[in-house]
Amino acid sequence: MPEAAPAPAPAPGRQDRHRLPLRERKKLRTRQALIETALDLFTERGFDGATLDELCERVEVSKRTFFRYFTSKEDVAMAPTQDMWTALLEDLESVEPEGRTLLAVLQDVLLGALARMPDDGWARRVRLSHRLAERSPSMDAHGLHFCDRTGRAALDVLHRRFDLGGAADPRPRLALDLVIASFHWALHTWIARPGSPGRARLADDLRDAFAAVPGSLTLKPGPTTAR
């Protein structure tokens, strides 16, 4: 079994790419080609109907090269949103609270991570990845595992950097869970929109989800009027 690939750095924007050394730009192009080709191939053939060998042949790389970037077919197919969460983990290492609540800090960091995603086709890749995951149990399972692992990593960073009441205090985890749930709501809302909305529209849907959080905590169920 191949060794686990290192956690990917979030994809830089176009201006940042030009500042990278030539070797790093080539590595970035290879990684991007693997993601784009994988999503097109899996959409065309079905996730289970396409093999890793076919993907590597289309990109003209060896399987050894593939495993330098990704751990599995599921990993490459879910890279667009995973890159965003990786960016969030990086940004948590340097963010300062500046008097904000933890919930507000996490919301701002997630919006910042989303803004760091590249403009050139990222939204399309997210839609393809999401639709594939809806039809693939293994991708769905991979996503759940990634979400759990990333949530624990985020909490580790927060507890290492800030005084949050100790490991037994549930509030940091609950704040993080609210932010994650808000993103999932925003993503489903955005995916369901007609046409091909871009990253900015997803950010707006995410802000709407964040704005609804306080009301969700005080919402009282009433009798239904449905017959």
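The values are calculated or read from the model by the stated rules, or taken from the named source; none is laboratory data. This one's a predicted model, so the numbers in the text were calculated from it and none came from an experiment. Here Cβ is always computed from backbone atoms with ideal geometry, including for glycine, and neighbour counts include all displayed protein chains.
Key figures for this structure:
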{"read-out": "Unmet requirement for VAL126, which otherwise passes all of (1) within 17 Å of LEU28 (Cα to Cα); (2) in contact (Cβ under 8 Å) with a residue 12 or more places away in the chain; (3) part of a helix (DSSP H, G or I)", "value": "(1)"}
{"read-out": "Unmet requirement for PRO118, which otherwise passes all of (1) modelled with pLDDT of 95 or more; (2) in a loop (DSSP other than H, G, I, E, B)", "value": "(1)"}
{"read-out": "Filter pass, HIS145 being assigned to a helix (DSSP H, G or I), of a type outside the set (A, V, I, L, M), surrounded by fewer than 14 Cβ atoms within 10 Å (Cβ to Cβ) and within 13 Å of the chain's Cα centre (by Cα)", "value": "yes"}
{"read-out": "ARG160 vs. criteria farther than 24 Å from THR37 by Cβ and either touching a strand residue (DSSP E or B) at 6+ places or on another chain (Cβ under 9 Å) or surrounded by fewer than 14 Cβ atoms within 10 Å (Cβ to Cβ) (or both)", "value": "yes"}
{"read-out": "Some residue of segment 131-139 being under 30 Å from PHE162 (Cβ atoms) and either at pLDDT below 95 or in a helix (DSSP H, G or I) (or both)", "value": "no"}
{"read-out": "Identity of the residue in segment 181-227, of a type in the set (A, V, I, L, M) and in contact with a helix residue (DSSP H, G or I) (Cβ under 6 Å, 6 or more places away or on another chain), that ends up nearest to MET78 (Cα to Cα)", "value": "ILE191"}
{"read-out": "LEU178 vs. criteria in contact with a helix residue (DSSP H, G or I) (Cβ under 7 Å, 6 or more places away or on another chain) and either without any contact (Cβ under 8 Å) to a residue 40 or more places away in the chain or closer than 20 Å to ALA87 by Cβ (or both)", "value": "yes"}
{"read-out": "Given (1) over 18 Å from VAL105 (Cα atoms); (2) of a type outside the set (Lys, Arg); (3) surrounded by 12 or more Cβ atoms within 10 Å (Cβ to Cβ), number of the condition LEU217 does not satisfy", "value": "(3)"}
{"read-out": "Tabulated pairs, segment 139-155, first closer than 19 Å to VAL105 by Cβ, second at pLDDT 95 or above and aromatic (Phe, Trp, Tyr), C-beta under 7 angstrom, 6+ apart or interchain", "value": "THR150/TRP85"}
{"read-out": "Helices (runs of 4 or more DSSP H) lying entirely in segment 52-91 (those with 1 or more residues that are farther than 18 Å from PHE42 by Cβ and polar (S, T, N, Q))", "value": "63-69"}
